[in-house]
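> This is the structure I have questions about; it appears just below.
The values are calculated or read from the model by the stated rules, or taken from the named source; none is laboratory data. This structure is a prediction, so every number in the text was calculated from the model and none was measured. Cβ: placed from backbone, ideal geometry, glycine included. Neighbour counts: every protein chain shown.
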Amino acid sequence: MIIGIFLRNFKTYSGINYIPLTNGHSFCGLVGNNGIGKSSVLESLDSLLNGKTWNYNVVVKKSGLNTVKPYIVPVYLLSFNQIKGKNTEKFKQISDYVWNVEENDISLATRVHFKLFQEQRNWIKISNIDKLLIPLGLSYDGVPSLSIFNTNKFEFARKYVEKISSEYKIPEWIEDIKKIY
């Protein structure tokens with residue numbers, strides 16, 4: 001289940017944004033005034049999951065892709081049995097970090113968005129502590145992204161994403177997540 005999504009410079013969303021989608025149960029709702037970004041959320045998921053063209057924010061058009069680096073990163077709430085293969089431990093490392101990361105571990109620039117995620121995470125944690133919480137998506141150039149969670153404190157993720165960014169290939173364990181898409 002996708003519980004929320006981090007969007008950076010996609011359609012109506014400039015900069016980094018976290019949009020919660022569910023409280024961890026079987027309900028999702030997108031409500032709001034016209035122009036607030038409901039269809040942008042759905043379009044971003046369609047772009048990521050179905051390979052549709054990305055609709056960049058106007059900031060991207062002015063500043064260029066290398067400057068603002070758009071990404072779409074859904075946050076998945078998964079049961080352990082949904083993850084198979086030799087990479088289960090990597091998913092567990094990411095999930096343990098995401099369940100336990102605190103505000104001071106996140107850069108100042110993204111703390112506002114983390115606080116919104118943290119509120120949702122704490123609510124979901126009440127009934128879903130035995131599940132994996134995985135933020136995993138792609139940047140505009142197809143490189144795997146963990147969004148705001150790619151911090152120095154999470155050494156595994158930082159080294160991993162740096163390695164992938166230089167090699168421009170998606171490793172086998174990310175293919176497991178693609179199967180869930």
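> Can you tell me which of (1) crowded, with 16+ Cβ neighbours inside 10 Å; (2) closer than 23 Å to SER127 by Cα is the one GLU43 doesn't meet?
It is condition (2) that GLU43 fails.
> Being in a loop (DSSP other than H, G, I, E, B) and of a type outside the set (Val, Ile, Thr) is the filter; apply it to the stretch 46-60 and report the residue that is surrounded by the most Cβ atoms within 10 Å (Cβ to Cβ).
ASN57
> So is TYR140 touching a residue at least 40 places away in the same chain (Cβ under 8 Å) and either β-branched (Val, Ile, Thr) or touching a Leu at 6+ places or on another chain (Cβ under 6 Å) (or both) or not? Steps first, answer last, please.
Details: touching a residue at least 40 places away in the same chain (Cβ under 8 Å): yes; either β-branched (Val, Ile, Thr) or touching a Leu at 6+ places or on another chain (Cβ under 6 Å) (or both): yes.
Considered against the rule, which asks whether it is touching a residue at least 40 places away in the same chain (Cβ under 8 Å) and either β-branched (Val, Ile, Thr) or touching a Leu at 6+ places or on another chain (Cβ under 6 Å) (or both), TYR140 comes out as yes.
> Return the pair list, or none, for Cβ contacts closer than 8 Å from residues in the stretch 39-63 that are under 18 Å from TYR18 (Cβ atoms) and modelled with pLDDT under 90 to residues that are assigned to a helix (DSSP H, G or I) and of a type in the set (A, V, I, L, M), at least 6 apart or on different chains.
Close Cβ pairs (under 8 Å, with a partner that is assigned to a helix (DSSP H, G or I) and of a type in the set (A, V, I, L, M)) amount to ASN57/VAL68; VAL59/VAL68.
> Could you please let me know if VAL73 is at pLDDT 80 or above and either in contact with a Phe, Trp or Tyr (Cβ under 9 Å, 6 or more places away or on another chain) or among the acidic types (Asp, Glu) (or both)?
yes
> Something else now. Quick one: in the stretch 6-19, which of the residues that are closer than 16 Å to LYS69 by Cα and among the hydrophobic types (A, V, I, L, M, F, W, C) is surrounded by the fewest Cβ atoms within 10 Å (Cβ to Cβ)?
In this case the residue turns out to be ILE16.
> Determine whether the stretch 5-22 contains at least one residue that is in a loop (DSSP other than H, G, I, E, B) and within 14 Å of the chain's Cα centre (by Cα).
Looking through the stretch 5-22, at least one residue is in a loop (DSSP other than H, G, I, E, B) and within 14 Å of the chain's Cα centre (by Cα).
> Working only within the stretch 98-109, note down all residues that are at pLDDT 85 or above and surrounded by 13 or more Cβ atoms within 10 Å (Cβ to Cβ).
Within the stretch 98-109, VAL98, TRP99, VAL101 qualify.
> Continuing with this model, one more query. Checking SER63 against (1) farther than 27 Å from GLY29 by Cβ; (2) crowded, with 17+ Cβ neighbours inside 10 Å; (3) of a type in the set (Gly, Ala, Ser), only one condition comes out false. Which one?
(2)
> Any idea which residue in the stretch 80-96 is modelled with the highest pLDDT, counting only those that are in a loop (DSSP other than H, G, I, E, B) and surrounded by 14 or more Cβ atoms within 10 Å (Cβ to Cβ)?
Step by step, filter the stretch 80-96, then rank; the result is ILE83.
> Collect the residues in the stretch 70-113 that are touching a residue at least 60 places away in the same chain (Cβ under 8 Å), in contact with a Lys or Arg (Cβ under 7 Å, 6 or more places away or on another chain) and not hydroxyl-bearing (Ser, Thr, Tyr), keeping them in residue-number order.
PRO70, LEU77, LEU78 - these are the residues of the stretch 70-113 that are touching a residue at least 60 places away in the same chain (Cβ under 8 Å), in contact with a Lys or Arg (Cβ under 7 Å, 6 or more places away or on another chain) and not hydroxyl-bearing (Ser, Thr, Tyr).
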